[in-house]
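Step one of this worksheet: look at the structure below.
The values are calculated or read from the model by the stated rules, or taken from the named source; none is laboratory data. As the structure is a prediction and not an experimental result, all values here were calculated from the model. Please note: Cβ atoms are built from the backbone with ideal geometry, for glycine as well, and neighbour counts cover all protein chains shown. Side chains are part of the model used for accessible areas, which takes the heavy atoms of the whole protein and leaves out ligands, DNA and RNA. Shrake-Rupley method; radii C 1.70, N 1.55, O 1.52, S 1.80 Å.
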Amino acid sequence: MAAVEHLQPGASHAAGAVIPAPGRRWPASAARPVWHALRRSPGLTLSVLVLLGVAAWVVAPGLFTSADPITGVPAERLQGPSAAHPFGTDQIGRDLFARVVHGAALSIQATVVAVVVGLAVGTFLGLLAGFLRGWVDDVVGRVVDVLLAIPGLLLSLALVTVLGFGSLKVAVAVGITSVAAFARVMRSEVLRVSASVYVEAARSSGARWHAVLGQHVLPNASGPVLALVALEFGAAILAISALSFLGYGAAPPAPEWGSLVSEGRNYLAAAWWLATFPGLVIVAVVLSANRVARALERRVED
């Protein structure tokens, strides 16, 4: 009986710490390991700061630059990086730093839409497949297999061709390509949680299936899925930037990050900064999101 109590949520383990029952919140002191992890890992701290900085660009770009991202000064065209223009100027005299800062809103908003689409649809499908099983699991499995069989960028291109051009349509197309990843992770977690003692006890007590699903299965299966959100966030930025680079995103002169790199490639010999700095921003955000995702994944596993 002691062994059974040790495994049940709410029981104390050998070290004396109490495991919260399903649906119960951790105490405020549980947030302390997060700060300890940031202090022990400079790379993780830097990644968080990069993501917070980009989020600040999205919310209040005017705090970081007063330059006009659309209208340029022809007399200042193709000037290199300087104190007045940290990222230099482009072929018509626009401040590149201002375009990158203001373009963060377009790129990040499209990325958020893509991740929300993938998370919502993938979580719903994985939840149904893992909880209902049977023919529902078979149908969802075949859909996931089809999505995984097609390369993500190729599938995004096909969907954009059908949906049309524009940031929102590109975001939806990229989001659909991430449905399979969310569905697979959610299904595996639902299968694991459904076999737990407290879920079986809830079923035996006569709880309705939707109550079991909403109160016990979903909250306890969402941890790895939330860690996957950070990983897919970086992948979505890369995919949206690639499609924008190919000309499927927002129409010029909108300063989307991918289109900035595309515009700068024509001036690599004379103005290397036009493609370099937007590209470095994309790389920094993607790597930072992946680093945070790995930290979240380790925390979930622990």
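If the requirement is being under 16 Å from Ala236 (Cβ atoms) and touching a Ser or Thr at 6+ places or on another chain (Cβ under 8 Å), which of these qualifies: Ala173, Ala180? Give the derivation first.
Details: Ala180 fails: touching a Ser or Thr at 6+ places or on another chain (Cβ under 8 Å).
The match here is Ala173.
Please indicate, with yes or no, whether at least one residue in the stretch 228-235 is in a helix (DSSP H, G or I), without any contact (Cβ under 8 Å) to a residue 12 or more places away in the chain and either within 30 Å of Leu96 (Cβ to Cβ) or among the hydroxyl-bearing types (Ser, Thr, Tyr) (or both). First the steps, then the outcome.
From the stretch 228-235, those in a helix (DSSP H, G or I) are 228-235; that's our starting set.
In the following step, the residues that additionally are without any contact (Cβ under 8 Å) to a residue 12 or more places away in the chain were identified as none.
Within the stretch 228-235 (the criterion being in a helix (DSSP H, G or I), without any contact (Cβ under 8 Å) to a residue 12 or more places away in the chain and either within 30 Å of Leu96 (Cβ to Cβ) or among the hydroxyl-bearing types (Ser, Thr, Tyr) (or both)), the answer is no, since none of the residues qualifies.
If I ask for residues that are open to solvent by 90 Å² or more (accessible area, probe 1.4 Å), more than 20 Å from Ile237 (Cα to Cα) and part of a helix (DSSP H, G or I), which ones from the stretch 39-68 would you list?
Arg39, Arg40, Pro42, Leu63
When the residues of the stretch 255-281 are filtered to those that are assigned to a loop (DSSP other than H, G, I, E, B), in contact with a helix residue (DSSP H, G or I) (Cβ under 9 Å, 6 or more places away or on another chain) and open to solvent by 20 Å² or more (accessible area, probe 1.4 Å), which remaining residue is farthest from Gln79 (Cα to Cα)?
To start, the set of residues in the stretch 255-281 that are assigned to a loop (DSSP other than H, G, I, E, B) comprises 255-256, 268-272.
So of that shortlist, the ones also in contact with a helix residue (DSSP H, G or I) (Cβ under 9 Å, 6 or more places away or on another chain) come out as 255-256, 268, 271-272.
Now restrict to residues that are open to solvent by 20 Å² or more (accessible area, probe 1.4 Å): 268, 272.
Numbers: Leu268: 13, Trp272: 11 Å.
Among residues in the stretch 255-281 that are assigned to a loop (DSSP other than H, G, I, E, B), in contact with a helix residue (DSSP H, G or I) (Cβ under 9 Å, 6 or more places away or on another chain) and open to solvent by 20 Å² or more (accessible area, probe 1.4 Å), the one farthest from Gln79 (Cα to Cα) is Leu268.
Of everything in the stretch 69-85, what is part of a loop (DSSP other than H, G, I, E, B) and either in contact (Cβ under 8 Å) with a residue 40 or more places away in the chain or open to solvent by 60 Å² or more (accessible area, probe 1.4 Å) (or both)? Give them in sequence order.
Matches in the stretch 69-85: Pro69, Ile70, Thr71, Val73, Arg77, Leu78, Gln79, Gly80, Pro81, Ala83, Ala84.
Scan (1) surrounded by fewer than 22 Cβ atoms within 10 Å (Cβ to Cβ); (2) aliphatic (A, V, I, L, M); (3) at pLDDT below 75 for the single condition Val217 breaks and write down its number.
Every condition holds for Val217 apart from (1).
Does Ala201 fit the bill of being in a helix (DSSP H, G or I), under 19 Å from Ser241 (Cα atoms) and of a type outside the set (Lys, Arg)? Spell out how you get there, then give the answer.
Numbers: in a helix (DSSP H, G or I): yes; under 19 Å from Ser241 (Cα atoms): no; of a type outside the set (Lys, Arg): yes.
No: the conditions fail for Ala201.
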